[in-house]
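Scroll down for the structure; my scribbles are underneath it.
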Amino acid sequence: MIYELKGTRKYYSIDNLCAVFGYTRQAWYSHLRSVRLSFIEQEIVLEKIYEIRKELPKTG
């Protein structure tokens, strides 16, 4: 929600939005980092799956 609101108005700051929702800036950036890491991990796993299925097309 903070990310969506930040994109709608230029004058909304991360500090103000975090305060409204009861989070700290540190918590917000920590959350972003964890989301990015999980996305990267998922991409790596999917790439490996595609490689395996390309070599062995009839595997589950």
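The values are calculated or read from the model by the stated rules, or taken from the named source; none is laboratory data. These figures come from a predicted structure and were not determined experimentally. Note: accessible area is taken over every heavy atom of the protein model, side chains too, but ligands, DNA and RNA are not part of it. Shrake-Rupley method; radii C 1.70, N 1.55, O 1.52, S 1.80 Å.
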For this session: Among residues belonging to the stretch 45-60 that are of a type in the set (Val, Ile, Thr) and part of a helix (DSSP H, G or I), point out the one that is least open to solvent (accessible area, probe 1.4 Å).
Result: Ile49
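Considering every residue within the stretch 26-44, establish whether at least one is assigned to a helix (DSSP H, G or I), acidic (Asp, Glu) and at pLDDT below 85. So that I can check it myself, show each step before the final result.
Restricting attention to the stretch 26-44, the residues satisfying the condition of being assigned to a helix (DSSP H, G or I) are 26-44.
If we keep only those that are acidic (Asp, Glu) as well, we get 41, 43.
Now drop any that are not at pLDDT below 85, which leaves none.
No, there is no match, as no residue in the stretch 26-44 is assigned to a helix (DSSP H, G or I), acidic (Asp, Glu) and at pLDDT below 85.
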For this session: State the number of residues belonging to the stretch 8-19 that are at pLDDT below 85 and open to solvent by 60 Å² or more (accessible area, probe 1.4 Å).
Result: 7
Seminar exercise, completed: Quick count over the stretch 15-60, residues being β-branched (Val, Ile, Thr) and at positive phi, is 0
